[in-house]
Amino acid sequence: MPYSVSGSYFESCNCDAICPCRMVDGVRGGRSTYRICYGALTWLVETGPQVGVLPWVRKMSHLVDVRPDRIELVPQGEGYELRVGEAVRARATRPVSSDAVVRCVIPGYDQPGRELVADELTIRDDPFSWELQDNCAFASRFAYASE
């Protein structure tokens, strides 16, 4: 079934900026800064009602839990603030000083974005709990489609 979705993308993880997982000036990245990567990723779908048919939605995974909550992704400065109820808060507004073209390496993701320094990445949702700042973040647009 064909699909087409687009919108805003924002992520923050425990790596140092520029996240070593990113593609920088066309060169594919490597392993995370601290060997284990943890963070929050957000796709705000602005157009495209066929989200349920996206390949990664149907991909086999190990589900930890499902908890309905309010999700807010609000533009701020050069980046965003993400809030998921009381469980997740991520804010990154400071761009990394670099002339490099930085892209996310998530499959099918080909749009350049802005590498940011996170002001905050706080997760308080059992079994997950951490509080970080000055770690990496990334903001961009996304557009996925099939034929």
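Bear in mind that the values in this text are calculations on the coordinates, not laboratory data. Being a predicted model, the structure only gives us computed values, none of them experimental. All Cβ positions, even for glycine, are placed from backbone atoms using ideal geometry, and neighbour counts span all protein chains on display.
Give me the net charge of residue 85's neighbourhood, meaning all other residues with Cβ under 12 Å from the Cβ of residue 85; Lys, Arg count +1, Asp, Glu -1. Neighbour charge sum, excluding residue 85 itself: +1. Seen from residue 72, the other residues with C-beta closer than 11 Å to its C-beta sum to a net charge of +1, counting Lys and Arg as +1 and Asp and Glu as -1.
For residue 28, neighbours were defined as the other residues whose beta-carbon sits under 12 Å from its Cβ, and their charges (Lys and Arg +1, Asp and Glu -1) total +2.
When a footprinting reagent is the concern and you count Cβ atoms within 10 Å, what order do 130, 43 take, fewest first?
On the way: 130 11, 43 19.
Fewest-to-most ranking of 130, 43: 130, 43.
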